Amino acid sequence: MSMIIKIEPSLININPKQWNEFSHPKTTDKNLKINPFISYEFLYALEASGSTKIKNGWGGAHILLEDEAENLLAACPAYLKSHSMGEYVFDQGWADAYSRAGGEYYPKLQISVPFTPATAPKLLAGDEDKAVDLKRMLASSIPELCARLGASSAHATFLTEEDKDIFLEAGFLERNDKQYHWFNENYGSFDDFLEALASRKRKLIRRERRDALANGITIQCLTGSDIKTEHMEAFYTFYMDTGSRKWGRPYLTRAFFSIIQETMPDQILLIMAKREGQYIAGAINFIGGDVLYGRNWGCIENHPFLHFEVCYYQAIDFAIQKGLKKVEAGAQGEHKLARGYRPVTTYSAHYIADPSFRQAVANYLQEERNYIAELQDTLSEQTPFRRGERLEDE
């Protein structure tokens, strides 16, 4: 059967039902939701809200694999980019080096969920029996697509291990980094989780949770129809205030939050802090399958440990209550380690068209992978959990 590779600038021309079936083809349980970030609803909200568009450097370039009858067989979310912002896998140094050598690094092809440092499938196929072969066809087509688009490189970020291996087969270079995730060891309550920690760490967390609410602060956890416009409006105020101070220009528009509130409310967990009748801080999380994904946080008042309470401890509490297996709390942050989150390795894959520059990047990535592996071993020894049967005095 003859196959055709296409570039589609807009999701509006792709069937939402088929995209979601590709995103999670094995799902038969209606209660098991697909990965929220690779869902059509999330990606379309980014596009429809103007959060991703050519003018801000995120031009849609979604890769489609079709048969001769134009039936969609596989797909890949991709963007043609004119900068390296909003990716959380940093290659600005590569861009600078290539420019100094006389090359043009941009545009580049970015295979990712914009502004989202969370692992999700990027190679999507619907036919379970042929899925791996179809994904291989997608990945192997990317070097030619880069030449067609005038892109210096292609970067597939926050990959599943399966997708990572397929990209490596297609000649991409592997890059590793680390995040901190919390794992549910069948805890019945937050106190059960604390009992798994060394005494000093238990005391630390209990004190932080107490101090976070010391100024009369209360917490609300909202999902589904309980999320009202007033909650999303307040959260967006926090997001804009904190985002403007941290990185200068928040990426997501107000319309994005309105769209996801309408199209995927059951996959949103909004954790809001209130003091004296006014919302003062909040965090938005997404529920997918058996994982809770922490994404954005913001506040208009600073209180000791409130960030830890809203972003980490409330997320753990919710995951335990709902029987979720894991909490992914986003990029960076070794401070998460002391609060029960464990270091994990994340994967990306990179195609560099220029052979000389490719070799230089390959050498760098080998050294970086060695460093990440050593760091992973070191950090794994620093978790706050009790060692074996050794108990410490309260």
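Can you list residue pairs whose Cβ atoms sit under 6 Å apart, with the first residue in segment 1-17 being free of Cβ contacts under 8 Å to residues at least 60 places away in the same chain and the second being assigned to a strand (DSSP E or B) and surrounded by 12 or more Cβ atoms within 10 Å (Cβ to Cβ)? Count only pairs 6 or more apart in sequence or on different chains.
Short answer, once both residue conditions are applied: 8/62; 8/64; 9/60; 10/60.
Any residue at all in segment 366-377 that's under 23 Å from residue 193 (Cα atoms) and either part of a strand (DSSP E or B) or among the hydrophobic types (A, V, I, L, M, F, W, C) (or both)?
The answer is no; no qualifying residue exists.
For residue 196, work out the one condition from (1) in contact with a Gly (Cβ under 9 Å, 6 or more places away or on another chain); (2) in the same structural domain as residue 89 (by TED's automatic domain parsing) it doesn't fulfil.
(2)
Does segment 360-367 contain at least one residue that is assigned by TED's automatic domain parsing to the domain that holds residue 149, touching a residue at least 24 places away in the same chain (Cβ under 8 Å) and β-branched (Val, Ile, Thr)?
Yes, some residue in segment 360-367 is assigned by TED's automatic domain parsing to the domain that holds residue 149, touching a residue at least 24 places away in the same chain (Cβ under 8 Å) and β-branched (Val, Ile, Thr).
How about segment 103-134: which of its residues are over 18 Å from residue 349 (Cβ atoms), of a type outside the set (Phe, Trp, Tyr) and part of a loop (DSSP other than H, G, I, E, B)?
103, 104, 107, 126, 127
Among the residues of segment 58-82 satisfying the criterion of being part of a loop (DSSP other than H, G, I, E, B) and over 19 Å from the mean Cα position of the chain (by Cα), which is farthest from residue 262 (Cα to Cα)? Steps first, please.
Just the residues of segment 58-82 that are part of a loop (DSSP other than H, G, I, E, B), to begin with: 61, 68-71, 77-78, 82.
Within this subset, residues satisfying the condition of being over 19 Å from the mean Cα position of the chain (by Cα) are 61, 68-71, 82.
On the way: 61: 26, 68: 36, 69: 34, 70: 31, 71: 30, 82: 31 Å.
Looking at residues that are part of a loop (DSSP other than H, G, I, E, B) and over 19 Å from the mean Cα position of the chain (by Cα), I get 68.
Conditions: (1) in contact (Cβ under 8 Å) with a residue 24 or more places away in the chain; (2) assigned to a loop (DSSP other than H, G, I, E, B). Residue 186 meets all but one. Number of the miss?
(1) is the only condition that residue 186 fails.
Please go through segment 205-238 and pick out each residue that is in a loop (DSSP other than H, G, I, E, B) and surrounded by 18 or more Cβ atoms within 10 Å (Cβ to Cβ). Outline the logic, then answer.
Just the residues of segment 205-238 that are in a loop (DSSP other than H, G, I, E, B), to begin with: 213-216, 227-228.
Matches in segment 205-238: 227 only.
Collect the residues in segment 323-338 that are in contact with a strand residue (DSSP E or B) (Cβ under 7 Å, 6 or more places away or on another chain), aliphatic (A, V, I, L, M) and surrounded by fewer than 19 Cβ atoms within 10 Å (Cβ to Cβ), keeping them in residue-number order. Steps first, answer last, please.
Here is the first cut: in segment 323-338, the ones in contact with a strand residue (DSSP E or B) (Cβ under 7 Å, 6 or more places away or on another chain) are 324-331, 333, 336-337.
In the following step, the residues that additionally are aliphatic (A, V, I, L, M) were identified as 324, 327, 329, 331, 337.
Within segment 323-338, 331, 337 meet the criteria.
Suppose we filter 372, 320, 316 for residues that are β-branched (Val, Ile, Thr), in contact (Cβ under 8 Å) with a residue 12 or more places away in the chain and either under 29 Å from residue 146 (Cβ atoms) or surrounded by fewer than 16 Cβ atoms within 10 Å (Cβ to Cβ) (or both); which single one remains?
Numbers: 320 fails: either under 29 Å from residue 146 (Cβ atoms) or surrounded by fewer than 16 Cβ atoms within 10 Å (Cβ to Cβ) (or both); 316 fails: either under 29 Å from residue 146 (Cβ atoms) or surrounded by fewer than 16 Cβ atoms within 10 Å (Cβ to Cβ) (or both).
Testing whether each residue is β-branched (Val, Ile, Thr), in contact (Cβ under 8 Å) with a residue 12 or more places away in the chain and either under 29 Å from residue 146 (Cβ atoms) or surrounded by fewer than 16 Cβ atoms within 10 Å (Cβ to Cβ) (or both) leaves just 372.
With (1) at pLDDT 95 or above; (2) out of contact with any strand residue (DSSP E or B) (no Cβ under 7 Å at 6 or more places or on another chain) as the list, and residue 69 as the residue in question, which single condition is left unmet?
The single condition residue 69 does not satisfy is (1).
Identify the residue in segment 135-182 that is of a type in the set (A, V, I, L, M, F, W, C) and either assigned to a strand (DSSP E or B) or at pLDDT below 95 (or both) and, among all such residues, is nearest to the chain's Cα centre (by Cα). Steps first, please.
Just the residues of segment 135-182 that are of a type in the set (A, V, I, L, M, F, W, C), to begin with: 137-139, 142, 145-147, 149, 151, 154, 156, 158-159, 166-168, 170, 172-173, 182.
Now restrict to residues that are either assigned to a strand (DSSP E or B) or at pLDDT below 95 (or both): 154, 156, 158-159, 173, 182.
Working: 154: 18, 156: 13, 158: 7, 159: 10, 173: 20, 182: 15 Å.
Result: 158.
Residue-by-condition table, conditions (1) touching a Ser or Thr at 6+ places or on another chain (Cβ under 7 Å); (2) in a strand (DSSP E or B); (3) modelled with pLDDT of 95 or more; (4) among the acidic types (Asp, Glu):
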{"residue": "313", "(1), (2), (3), (4)": "no, no, yes, no"}
{"residue": "316", "(1), (2), (3), (4)": "no, no, yes, no"}
{"residue": "321", "(1), (2), (3), (4)": "no, no, yes, no"}
{"residue": "329", "(1), (2), (3), (4)": "no, yes, no, no"}
{"residue": "343", "(1), (2), (3), (4)": "yes, yes, no, no"}
{"residue": "347", "(1), (2), (3), (4)": "no, yes, yes, no"}
{"residue": "357", "(1), (2), (3), (4)": "no, no, yes, no"}
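The values are calculated or read from the model by the stated rules, or taken from the named source; none is laboratory data. All values derive from a computational prediction rather than experimental measurement. Heads up, the Cβs are rebuilt from the backbone with ideal geometry, glycines too, and the neighbour counts pull from every protein chain shown.
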